[in-house]
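Report on one structure; see the data block that follows.
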Amino acid sequence: MPLSTALFDYDLPARLIAQFPAVRRDESRLLVVDRADHTIAHHRFSDLPQFLRAGDTLFRNNAAVLPARLLAHRPTGGQVECFLLRPIEGLQLWLCLVKPGKKLPVGATFAHGTGAFRGEIVGRFEDGSAHVRFTTPHDEPIVAVAKRMGEVPLPPYIQRPATGAEGKEARPSRAADLERYQTVYADRTQTVAVAAPTAGLHFTPELFARLQEIGVRTADLTLHVGLGTFKPITSESVEEHGNHREIFELPIETQRALFPPLSGRRIAVGTTSVRTVEAFLADHASPLVTSQTYIGEAGIFIYPPQLFRGVEALITNFHQPRSTLLCLVAAFLSPGKTDGVGWLHEIYAAAIAQEYRFFSYGDAMLIL
C-alpha cells in the first residue's frame, strides 16, 4: 500500500521557526529519543556527552557552505538573482537558479556593477534552473567571486526584519551569518554545499574536546548538499516523489570506521551523513583496497519501512512538513516498519508543546 505524503504533514506555529542561531552553539536544546524504551527526555546540547560512550564514532559532513547567492543586473537595469547550484564544466559553466526566470531566456546576459562577473544563459530547464556561463576578469573562478561577494544562502523561512523592536539593526552581518551557518569543523577547501548540514551547527570545539576525553571518535565525510534535499514532496504518495542525486566523498579512514572491528556505535551527525553512509554501504561490503578517497553519488531516498545498514544513532534537527528528511527520521525511529510515522508525530507534538525551535537554526534531536 502506498505511503501517503499527508502522513508527513503537521502544523507548526510560525513563532517556533528559528530566525537566529542560539547565542552559543551548544546552548540549543536537545530532545533525546530512546527507541528501546520508547521514551523522550529534554536536555541541552551540551549534555550530549552523557549519552555517548567510549568507542562511539560520530560521522560528520565537513562540507562548507558556498555564499552562492549572487546579485546582478540585466542590461536594461532590472535586478537578477543568481544562485549557484553546481559546476557543469570546468569552473565557469554552472547549473543555477536565476530570477526573474521569464526575463532571462537563452542568450540573456547579466552582470555585476563592479565588473566582477558577467553571466550568459546558455540553457533553460523546466524546473526553472539554467546553465550559466560566467566570464570574469583574469578568468577568476566564479567560486572565488562568490566567496568574496556572494550572500549566505539562508533558507527562505528565515525572514528577518530590517530593524528590531527598538529600531536597532536586527540582521546579523554577512560575516556573522557566514560564521554561524557553517559547522566549526567545515573544511573550507570543500566549499561545495548550497545549504549547511545543520545538525552539526550545535557543536563547539570545547564539546568535541569533552567527547574526545571520554573516547568518542569522529570520522569526516563530504556530501555536496544540493537543493533537492529540501524540495518538498508534492506527489500524493511518498513513493512517487522524484529522487535527487548528490556527490559524496568518503576518505579511506572513514570507510574503515564503518566496518568491524567496531567498539561502539556508528552515530550520524545529520541526515546528510546518513545518506552518505547508507549509499556507500548499499554498494560496498568492505572498505576499498586502495588508499584513495571514494567519490560516488548518493541517490538514496529513505522512507519507512526501510532498514539501515550502518547508522545506529542519529543527531538531527527538526524538519519541515512533507520533506524527505522527515521521511528519513520516521524510518529511523522504527527501522523495517511503518509505525515510526505515528511516533514521529508524538515526538514533534511534544517538541511544539515545549516550544522547541525548528529548522536550520533551531534545536536538535538525538535518536538512540
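The values are calculated or read from the model by the stated rules, or taken from the named source; none is laboratory data. Note that this is a predicted model, so its numbers are computed, not measured. Neighbour counts run over all protein chains shown; Cβ positions are idealised from the backbone, glycine included.
Filtering Thr183, Thr189 for residues that are assigned to a loop (DSSP other than H, G, I, E, B), touching a Pro at 6+ places or on another chain (Cβ under 8 Å) and either under 27 Å from Leu250 (Cα atoms) or modelled with pLDDT under 85 (or both) leaves a single hit, Thr183.
Can Pro75 be described as in a loop (DSSP other than H, G, I, E, B) and at pLDDT 95 or above?
yes
Residues in segment 230-249: is at least one within 25 Å of Leu30 (Cβ to Cβ) and in contact (Cβ under 8 Å) with a residue 40 or more places away in the chain? Give the derivation first.
Residues of segment 230-249 within 25 Å of Leu30 (Cβ to Cβ): 230.
Narrowing further to those that are in contact (Cβ under 8 Å) with a residue 40 or more places away in the chain: 230.
Scanning segment 230-249, I find at least one residue that is within 25 Å of Leu30 (Cβ to Cβ) and in contact (Cβ under 8 Å) with a residue 40 or more places away in the chain, so the answer is yes.
Scanning segment 1-28 for residues that are within 30 Å of Ser237 (Cα to Cα) and either polar (S, T, N, Q) or not in a loop (DSSP other than H, G, I, E, B) (or both) gives Ser4, Thr5, Ala6, Leu7, Phe8, Ala14, Arg15, Leu16, Ile17. Please find, within segment 282-300, the residue that is nearest to Glu249 (Cα to Cα) out of those that are small (Gly, Ala, Ser) and in contact with a Lys or Arg (Cβ under 8 Å, 6 or more places away or on another chain). Residue satisfying both the conditions and the ranking: Ala298. Residues in segment 29-46: is at least one among the polar types (S, T, N, Q), in a strand (DSSP E or B) and either in contact with a Pro (Cβ under 6 Å, 6 or more places away or on another chain) or within 30 Å of Leu258 (Cβ to Cβ) (or both)? For segment 29-46, residues among the polar types (S, T, N, Q), in a strand (DSSP E or B) and either in contact with a Pro (Cβ under 6 Å, 6 or more places away or on another chain) or within 30 Å of Leu258 (Cβ to Cβ) (or both): present.
Let's see how each residue does on (1) assigned by TED's automatic domain parsing to the domain that holds Leu48; (2) over 15 Å from the mean Cα position of the chain (by Cα); (3) modelled with pLDDT of 90 or more; (4) not in a strand (DSSP E or B):
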site: Val225; (1), (2), (3), (4): yes, no, no, yes
site: Phe259; (1), (2), (3), (4): yes, yes, yes, yes
site: Leu281; (1), (2), (3), (4): yes, yes, yes, yes
site: Thr290; (1), (2), (3), (4): yes, yes, no, yes
site: Val311; (1), (2), (3), (4): yes, yes, yes, yes
site: His319; (1), (2), (3), (4): yes, no, yes, yes
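Would you check if there is a residue in segment 330-346 being without any contact (Cβ under 8 Å) to a residue 12 or more places away in the chain, among the aliphatic types (A, V, I, L, M) and farther than 25 Å from Thr183 by Cβ? No, every residue in segment 330-346 fails to be without any contact (Cβ under 8 Å) to a residue 12 or more places away in the chain, among the aliphatic types (A, V, I, L, M) and farther than 25 Å from Thr183 by Cβ. Take Gln50 and tell me if it is within 23 Å of Val216 (Cβ to Cβ) and in the same structural domain as Ala349 (by TED's automatic domain parsing). Answer is yes for this residue. Here segment 333-368 is the region considered, the condition is being of a type in the set (Val, Ile, Thr) and not in a helix (DSSP H, G or I), and the residue that is surrounded by the fewest Cβ atoms within 10 Å (Cβ to Cβ) is Thr338.
Go through (1) within 22 Å of Ser129 (Cα to Cα); (2) modelled with pLDDT of 95 or more; (3) part of a strand (DSSP E or B) for Arg86 and report which single condition fails. Of the numbered conditions (1) within 22 Å of Ser129 (Cα to Cα); (2) modelled with pLDDT of 95 or more; (3) part of a strand (DSSP E or B), the odd one out for Arg86 is (2).
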